[in-house]
Amino acid sequence: MKKIASLALALMVACSMVTACGAPAEETQGQQQSDSESQASGSAASGESVRIGVIQYTQHASLDDAYEGFVDGLAEAGYTEGENLTLDFQNASGEVGNCQSICDGFASNGEDLVLAIATPAAQTAVNVFEDTDTPVLFTCVTDAVEAQLVDSVEAPGKNVTGTSDMPVIKDQISMIKDVLPDVQTIGILYTSSEANSEIQANEAVAAAEELGLETVVATSSNTNDIPQVMASVVGSVDAVYIPSDNGFASAMGTVRNTAVQNQLPVFCAVEAMIQEGGIATTAINYYELGKQTAAQAVRVLEGESASEIPVEFQENMDVVVNNTFAQEVGVTIPQEIVDQAATVY
């Protein structure tokens, strides 16, 4: 009996040892599995290679700055071209037909995400990818709702989101009055085929009327007739305002030459245009706008739905002046405005 009791006791001790040893092993295995899954998730977010197709409507400084900011913003988030990021950058050279073929190419290549820079490029990209799983981001778009890119700013409702470059037009028109207190009539010039420009032009007319100013609206159908459009307002306006317009932005050399020849003050919506041939503005920083768009892209690449990310705007504007151009057209910018400027050319 004593032998049997001793044998039973030994078996009980052995079993308890096996159980005691087995529990930590299972816990360790579970922890290792959890750590492995965590590492896999991290590598998916920052280590796996992604492909982004970028379509830019045309080449000018503001759009170029937005693209540069986008690339730098991705790099800061761990997405580096040549390592875990492939960028396919395409410029449509201001041709809507080129936008279509570029986006069709992106669809064939199976891009993970598409970035469209400027409204015409964004409209084409949204049309091409609306029935696919490929998210589309945009930047340098004035009014995404009016351009039918999203259902609303707060809830895009499609696999689309991005950033807007809607300027504070009322402030920009007020700037004209601040620089030229005796101004009475403003010419508002834009490209008729650009929906975003028409929106801005209408807002500029309303802002001018609030200040008691008269307006003359003149439109260009393409960059070739910009000299004629500029000439058409000479003698009938005291100053010209040009919104964020791709056509005029790409022809600022022509604008400047006509303005200097006719001593016509020109004010523009964006800094790059002021730098090339404008007097002053309150301007968006397009490089920072690009970085803002990159932050949205990272959220999408890491699992968020573009449709649930609101369209964003840039809140901080800088005063920018071009003293050199102002002097060329016979204008003296008040010193208090120069003192406020973040950038003086």
Problem set entry | Within region 304-325, considering residues that are out of contact with any helix residue (DSSP H, G or I) (no Cβ under 8 Å at 6 or more places or on another chain) and touching a residue at least 60 places away in the same chain (Cβ under 8 Å), the one least open to solvent (accessible area, probe 1.4 Å) | Val311
Exercise. Could you list, in sequence order, the residues of region 255-274 that are in contact with a Ser or Thr (Cβ under 8 Å, 6 or more places away or on another chain) and more than 15 Å from Glu198 (Cβ to Cβ)?
Worked result: Leu264, Phe267, Cys268, Val270, Glu271, Ala272, Met273, Ile274
Seminar exercise, completed: Taking first residues from region 218-232 that are under 15 Å from Gly253 (Cβ atoms) and second residues anywhere that are among the charged types (D, E, K, R) and open to solvent by less than 10 Å² (accessible area, probe 1.4 Å), the pairs with Cβ under 8 Å that are 6 or more apart or on different chains are none
Problem set entry | Among (1) surrounded by fewer than 23 Cβ atoms within 10 Å (Cβ to Cβ); (2) touching a Leu at 6+ places or on another chain (Cβ under 8 Å); (3) in a helix (DSSP H, G or I); (4) not hydroxyl-bearing (Ser, Thr, Tyr) - the single one Gln261 does not satisfy | (2)
Problem set entry | Matching residues in region 79-100 - criterion: being in contact with a strand residue (DSSP E or B) (Cβ under 9 Å, 6 or more places away or on another chain) and either surrounded by fewer than 19 Cβ atoms within 10 Å (Cβ to Cβ) or touching a residue at least 12 places away in the same chain (Cβ under 8 Å) (or both) | Tyr79, Glu81, Asn84, Leu85, Thr86, Leu87, Asp88, Phe89, Gln90, Asn91, Ala92, Cys99
Exercise. Of the residues that sit in region 199-217 and are more than 20 Å from Ala231 (Cβ to Cβ) and in contact (Cβ under 8 Å) with a residue 40 or more places away in the chain, which one is surrounded by the fewest Cβ atoms within 10 Å (Cβ to Cβ)?
Worked result: Glu210
For this session: Give the residue, chosen from Thr282, Thr223, Thr293, Thr254, that is among the polar types (S, T, N, Q), surrounded by fewer than 19 Cβ atoms within 10 Å (Cβ to Cβ) and closer than 30 Å to Val71 by Cα.
Result: Thr223
Problem set entry | Pair list, Cβ under 6 Å, 6 or more apart: region 111-123 residue without any contact (Cβ under 8 Å) to a residue 60 or more places away in the chain, other residue assigned to a loop (DSSP other than H, G, I, E, B) and crowded, with 24+ Cβ neighbours inside 10 Å | Ala122/Leu149
Exercise. Among all residue pairs at least 6 apart or on different chains, which show Cβ distances below 7 Å where the first residue, located in region 131-158, is loosely packed, with under 13 Cβ neighbours inside 10 Å and the second is of a type in the set (S, T, N, Q) and assigned to a loop (DSSP other than H, G, I, E, B)?
Worked result: none
For this session: Select from region 170-198 the residues that are charged (D, E, K, R) and part of a helix (DSSP H, G or I) and write down the one among them that is surrounded by the fewest Cβ atoms within 10 Å (Cβ to Cβ).
Result: Asp171
For this session: Check off (1) buried (at least 18 other Cβ atoms within 10 Å of the Cβ); (2) closer than 24 Å to Gln263 by Cβ; (3) of a type outside the set (Lys, Arg); (4) touching a helix residue (DSSP H, G or I) at 6+ places or on another chain (Cβ under 8 Å) for Asp165 and give me the number that stays unchecked.
Result: (2)
Exercise. Residues of region 115-169 being of a type in the set (Ser, Thr, Tyr), outside any loop (DSSP other than H, G, I, E, B) and either touching a Phe, Trp or Tyr at 6+ places or on another chain (Cβ under 7 Å) or closer than 20 Å to Glu68 by Cα (or both), which ones?
Worked result: Thr119, Thr139, Thr161, Thr163, Ser164
For this session: From the list Leu289, Leu301, pick out the single residue that is touching a residue at least 12 places away in the same chain (Cβ under 8 Å) and touching a Gly at 6+ places or on another chain (Cβ under 8 Å).
Result: Leu289
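The values are calculated or read from the model by the stated rules, or taken from the named source; none is laboratory data. Quick caveat, the model's predicted, so the values are computed rather than measured. Backbone-built Cβ (ideal geometry, glycine too); neighbour counts: all protein chains shown. Remember, those area values only see protein heavy atoms, side chains included, never the ligands or the DNA or RNA. Shrake-Rupley method; radii C 1.70, N 1.55, O 1.52, S 1.80 Å.
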